[in-house]
Every structure is written in structure tokens, then in C-alpha cells.
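Scroll down for the structure; my scribbles are underneath it.
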Amino acid sequence: MKLMTVEAARAAMLAVIRRLGPVELPLQDALGRMLAEDIHAVRDQPPFTNSSMDGWAVRSADGPGSRKIIGESAAGHGFEGPLGAGEAVRIFTGAALPSGADAVVIQEDARREGGTVEVPACAPGDNVRQAGRDFRAGGRLLAEGLRLDPWRLSLCASAGRDRVRVVRPPQVSIVSTGEEVVEAPAVPGPWQIFDSGSPGLAAMLRTWGAETRRVTGVRDRREAVRDAIAGAGGDLVVTLGGASVGDHDLVRSAAADLGLDLRVESVAVRPGKPTFFGVLADGRPLLGLPGNPASAFVCAELFLRPLVAALEGRPSAPALRPARLVAPLPANGPREHWMRARLMADREGEAVEAFLDQDSSLVRVFSEADALLRRLPHAPAAAAGDAVEVLALLRG
């Protein structure tokens with residue numbers, strides 16, 4: 001459990017996570033949620049053969065020549081009668097093709113003269129969308145486990161759905177400890193700083209699809225920390241600060257009072273070595289993150305984001321991709337190092353440059369980073385142009 005590798009620690013955490021149950025939501029409230037059911041079509045789309053252009057519905061077999069205009073077909077108001085030989089119906093985009101017609105002559109190619117219209121030769125199917133071209137009744141449109149983005153939500157709506165079953169949104173409680181931090185608009189004392197960790201962590205969680213509750217202002221007293229964790233609720237509790245083993249790091253002992261079954265004691269990672277994980281006696285998983293913002297945010301990307309994904313039943317491994325170094329890097333130490341970095345593109349593909357100052361207390365560096373650059377334990381010095389792995393950060 002002590003100084004586990006990043007992969008081993010993540011696996012130990014994910015081993016206790018089970019997907020949350022389903023909930024039915026109105027379609028407009030389901031954006032970003034994971035489907036807990038397959039979505040099937042209840043009818044063909046489009047439900048009738050229709051025109052793809054404004055023009056004239058005709059019978060192609062009649063050939064070129066003059067047609068008698070017998071009516072009009074507009075979207076939502078079709079022409080109900082049949083189309084006979086030598087006849088034409090004025091038709092607009094999306095309108096149903098009249099019975100007997102098999103082609104549409106676009107209006108630019110036709111010439112109307114009173115009650116007749118002169119049309120050129122055309123072929124069956126010209127400017128016509130066949131019924132069921134998009135999908136057929138009974139067909140599966142979306143599979144369980146997909147996230148509803150705006151385009152998939154639109155597909156649900158086109159299938160006539162106004163409500164869908166989705167995985168219940170994960171509820172995550174953040175317990176922020178440390179008497180040295182205050183949150184604006186409070187005025188910090190001479191030995192205090194503004195809290196940047198819990199607001200940032202809450203925003204990350206919302207971006208990942210979780211609903212959050214923050215418990216802040218927890219005093220550095222074991223019983224205060226214990227009570228805050230006990231009352232936090234949620235499917236997952238995340239503590240921020242007090243994760244190490246110093247005299248003022250009280251989270252572990254407070255969680256032990258609540259029956260914490262420790263699964264990860266610490267991680268061989270930089271930054272974020274004190275990160276720990278366990279299960280409380282009431283069954284709630286607890287992830288303990290360090291208080292320094294960079295340490296907390298890096299380990300949130302490596303561990304918290306996969307935990308939230310697993311609660312929704314989504315793939316939980318971070319998606320790494322290759323990039324080339326812009327500048328050389330020195331040899332790495334015994335812990336896996338995730339460096340805040342900036343991505344850029346050139347003619348050879350994607351490149352990455354690590355920020356020079358990687359101190360774990362720096363918030364501004366993280367605000368300018370759009371990737372984490374992975375350096376394995378004891379990795380040798382790397383030269384400009386060498387291949388490395390990066391984890392892209394979700395940025396606006």
C-alpha cells in the first residue's frame with residue numbers, strides 16, 4: 001500500500017468502485033449523462049419520401065415538356081391526391097412527395113407559365129429523399145453507455161423521446177481542511193492564503209459530469225475533520241489537505257475514527273506522494289489529496305477523474321498520446337513525474353514543452369498548462385525531439 005506505482009494505486013482504487021444505478025430524466029436535463037438504456041427508433045426517419053429541394057414533383061417517365069400544375073406540397077402540408085401523366089405539383093424542401101411522383105425538378109431548371117410549367121428530362125430519384133433514409137423503425141440508434149452530447153441528444157429527440165434513462169450523476173463531496181486557507185470574500189489573516197484548491201477541484205468535477213458539495217473552513221482539529229467527513233455524504237468523499245503524516249495532518253487519523261479501510265497509503269508520484277485512498281465503514285470511498293494545488297490537481301487527473309468515470313461505467317484509464325519534446329529534460333528521480341506542460345503543433349506533428357518551474361504550490365503555472373508530461377521513474381535525460389507521453393487537459 002505504501003508508495004504504490006500510479007497504475008497499481010489507480011487499479012486498487014477502481015477495484016472498489018461500482019457503477020451507479022439509473023435515473024430517468026427529461027431529455028433537456030440529460031445532456032452530458034451516460035445512457036443506461038439503448039435508444040431505438042419508433043418509426044422511419046424520414047417517415048415519408050420527400051423533396052430535398054424547392055421545385056416541381058413530376059413523373060420522370062413523362063420526359064421533358066409542359067406539365068399541368070395541380071397543386072402544392074409544403075413541409076407539414078402535403079398534397080393528398082395522386083399525380084397523373086403530364087401533371088406537376090409545386091413542392092418545397094422537406095415536403096412529402098405526392099403519390100405517383102418519383103423525381104423533383106429544381107425550380108431553377110423549370111419555367112412556369114400560368115397554370116403550366118416547362119420541365120427538362122429527369123431521372124427517378126432526382127432530388128428525392130427516400131423514407132427511412134436516416135434510420136428505420138425498430139433500429140438501435142444509441143447504445144447503453146454512451147454519453148449524451150448535443151448531437152446524440154438530438155438523435156433521441158428525432159426518435160420521439162422526451163425522457164431517457166441515464167446513469168445517476170455521481171455525487172462527490174469535497175472536504176477542504178487547513179486553517180491557513182480562507183475563501184474570498186473573507187479577508188485572510190497575516191498567515192493565511194486564499195483557497196484555490198477546492199474551487200478548482202469542484203470545477204474539475206463538474207466538467208467531468210459530477211455534482212459536488214463543498215465542506216470548507218474545517219478547523220485543524222481531529223474531531224472537526226472527523227465530523228466534516230462523517231457529514232459530507234455523497235458517493236465519493238475527497239479530502240483536500242492534511243493528507244501527509246505531520247503533526248497537523250489529521251485527515252488519516254480522523255478517517256480512521258470512521259473505520260477507514262486503507263487501500264493506498266501513498267503513491268510514488270511527483271507531485272502528490274501523500275495521496276491515499278480507502279473505504280469508510282459506511283461504504284463510502286475516500287480519496288485523500290494533498291493541499292498544494294498542483295499536487296491536488298495532478299492527482300485529481302490521475303485518480304479522481306478515473307473514479308468519477310467508473311461511477312458512471314465509463315472507461316477510466318487516462319488517455320495518453322505521444323508528443324515530441326521542444327526542450328531537453330534532465331534525468332528523472334525514483335518517482336513518476338507528471339510535469340505541467342504546454343502543447344504546440346508544427347509540421348512534424350504535436351510537440352510539448354514543460355514549464356521550467358514545477359513547484360507544487362504554483363497555481364498560475366497550471367492555469368497556463370494544457371497537458372501533463374509523463375516522466376517514468378529513473379527515466380534518463382531526454383533531448384529535444386525525443387518522444388514522450390502526454391495527458392491533454394480539458395481546456396476551454
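The values are calculated or read from the model by the stated rules, or taken from the named source; none is laboratory data. Keep in mind the model is a prediction, meaning the values are calculated, not measured. Glycine also receives a Cβ, built like all others from the backbone with ideal geometry; neighbour counts cover every protein chain displayed. What goes into the accessible areas is simple: the full protein's heavy atoms, side chains included, and nothing from ligands, DNA or RNA. Shrake-Rupley method; radii C 1.70, N 1.55, O 1.52, S 1.80 Å.
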Apart from one, (1) within 14 Å of Ala300 (Cα to Cα); (2) touching a residue at least 12 places away in the same chain (Cβ under 8 Å) all hold for Arg206; the odd one out is (2)
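Counting only residues that are part of a loop (DSSP other than H, G, I, E, B), open to solvent by less than 50 Å² (accessible area, probe 1.4 Å) and of a type in the set (A, V, I, L, M), how many does segment 180-208 have? Even if it seems obvious, please write down each step before you answer.
Within segment 180-208, the subset part of a loop (DSSP other than H, G, I, E, B) is 180, 183-192, 195-196, 208.
Within this subset, residues satisfying the condition of being open to solvent by less than 50 Å² (accessible area, probe 1.4 Å) are 186, 188-189, 195-196, 208.
With the extra rule that they be of a type in the set (A, V, I, L, M), the set shrinks to 186.
Total satisfying the criteria: 1.
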Yes/no for Ile229 being part of a strand (DSSP E or B), in contact (Cβ under 8 Å) with a residue 24 or more places away in the chain, surrounded by 18 or more Cβ atoms within 10 Å (Cβ to Cβ) and aliphatic (A, V, I, L, M)
no
Is it the case that some residue within segment 350-358 is in a strand (DSSP E or B), among the hydrophobic types (A, V, I, L, M, F, W, C), in contact (Cβ under 8 Å) with a residue 60 or more places away in the chain and open to solvent by less than 60 Å² (accessible area, probe 1.4 Å)?
-> no
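Has segment 385-395 got at least one residue that is in a loop (DSSP other than H, G, I, E, B), more than 24 Å from Ala12 (Cα to Cα) and either without any contact (Cβ under 8 Å) to a residue 60 or more places away in the chain or touching a helix residue (DSSP H, G or I) at 6+ places or on another chain (Cβ under 8 Å) (or both)?
Initially, segment 385-395 is screened for residues in a loop (DSSP other than H, G, I, E, B), giving 385-386, 393-395.
With more than 24 Å from Ala12 (Cα to Cα) added as a condition, the list becomes 385-386, 394-395.
Now drop any that are not either without any contact (Cβ under 8 Å) to a residue 60 or more places away in the chain or touching a helix residue (DSSP H, G or I) at 6+ places or on another chain (Cβ under 8 Å) (or both), which leaves 394-395.
Scanning segment 385-395, I find at least one residue that is in a loop (DSSP other than H, G, I, E, B), more than 24 Å from Ala12 (Cα to Cα) and either without any contact (Cβ under 8 Å) to a residue 60 or more places away in the chain or touching a helix residue (DSSP H, G or I) at 6+ places or on another chain (Cβ under 8 Å) (or both), so the answer is yes.
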Going through (1) part of a loop (DSSP other than H, G, I, E, B); (2) in contact with a Ser or Thr (Cβ under 6 Å, 6 or more places away or on another chain) one by one, Val237 fails only at (1)
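Against the definition (part of a strand (DSSP E or B), more than 28 Å from Gly291 (Cα to Cα) and either open to solvent by less than 60 Å² (accessible area, probe 1.4 Å) or in contact with a strand residue (DSSP E or B) (Cβ under 6 Å, 6 or more places away or on another chain) (or both)), how does Met339 come out, yes or no? Reasoning before the result, please.
Working: part of a strand (DSSP E or B): yes; more than 28 Å from Gly291 (Cα to Cα): no; either open to solvent by less than 60 Å² (accessible area, probe 1.4 Å) or in contact with a strand residue (DSSP E or B) (Cβ under 6 Å, 6 or more places away or on another chain) (or both): yes.
In short, no.
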Listed by first then second residue, the pairs whose first member lies in segment 259-272 and is among the acidic types (Asp, Glu), whose partner is part of a strand (DSSP E or B), with beta carbons under 6 Å and at least 6 positions apart or on separate chains, are Asp261/Gly278; Asp261/Val279; Glu265/Phe276
Turns out the strands (runs of 3 or more DSSP E) fully within segment 8-112 with at least 2 residues that are open to solvent by 40 Å² or more (accessible area, probe 1.4 Å), farther than 21 Å from Gly132 by Cβ and touching an Asp or Glu at 6+ places or on another chain (Cβ under 9 Å) are 65-73, 87-91
Residue hits (segment 209-226; buried (at least 16 other Cβ atoms within 10 Å of the Cβ), closer than 30 Å to Leu394 by Cα and among the charged types (D, E, K, R)) are Arg214
Reported set for segment 94-143 where residues are closer than 21 Å to His77 by Cα, touching a helix residue (DSSP H, G or I) at 6+ places or on another chain (Cβ under 6 Å) and not hydrophobic (A, V, I, L, M, F, W, C) is Asp102
